[in-house]
Amino acid sequence: MVTPPEPVRSLRWMVFGIGRVVVLRPGLWWAALGALRRMAVPGWWRRRPYLPLPDDRLWGFRMVTAYGRPGAIPEPEDVISYLEWCRSTRVRGPVRHRRTATIAAGKPLGATRSG
């Protein structure tokens with residue numbers, strides 16, 4: 001049997017493998033869309049395969065930091081764990097403006113610590 005090259009297997013797994021894992025867990029849909037949006041190559045809709053896939057360098061970096069090699073393919077349990085972490089760290093509600101947070105902390109704007 002002829003094995004397809006690594007990028008083809010990786011692309012197929014990302015689209016169908018990760019997609020299947022996420023579709024079965026509706027509670028992770030928003031987290032998955034957010035992660036996909038953050039990692040997608042800018043202008044992905046202009047290039048084939050017209051999917052919001054991550055940049056090869058970014059994906060390679062993520063795989064090296066997670067598995068120790070750029071050609072690694074993530075396990076479904078790892079994808080679920082990552083998306084659950086994304087969901088748990090999501091900022092809820094409006095993000096406070098830096099100035100508001102500084103005033104609320106009781107420090108005047110532009111104040112710095114002096115030694």
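Things to note:
- Computed from phi, the 3J(HN,Hα) profile of region 75-83 under the Karplus parametrisation 6.51, -1.76, 1.60 (θ = phi - 60°) reads 7, x, 5, 5, 5, 4, 4, 5, 5 Hz, with x in place of Gly and Pro.
- Whole-Hz couplings from phi, Karplus 6.51/-1.76/1.60, listed for region 44-49; x for Gly and Pro: 4, 6, 8, 10, 5, x
- Net charge contributed by nearby residues that have their C-beta within less than 12 Å of residue 61 (K/R +1, D/E -1): +1
- Computed 3J(HN,Hα) for region 18-30, one whole-Hz value per residue from the Karplus formula 6.51 cos²θ - 1.76 cosθ + 1.60 where θ = phi - 60°, is 5, x, 5, 4, 6, 4, 6, 10, x, x, 9, 4, 5, glycine and proline marked x.
- Positive minus negative residues near residue 44 (Lys, Arg vs Asp, Glu; Cβ under 11 Å): +3
Each reported figure results from applying straightforward, stated rules to the coordinates on display, with no laboratory input. Note that the structure is a prediction, hence the values are computed from the model and not measured. Note that we place each Cβ from the backbone using ideal geometry, even for glycine, and neighbour counts take in every protein chain shown.
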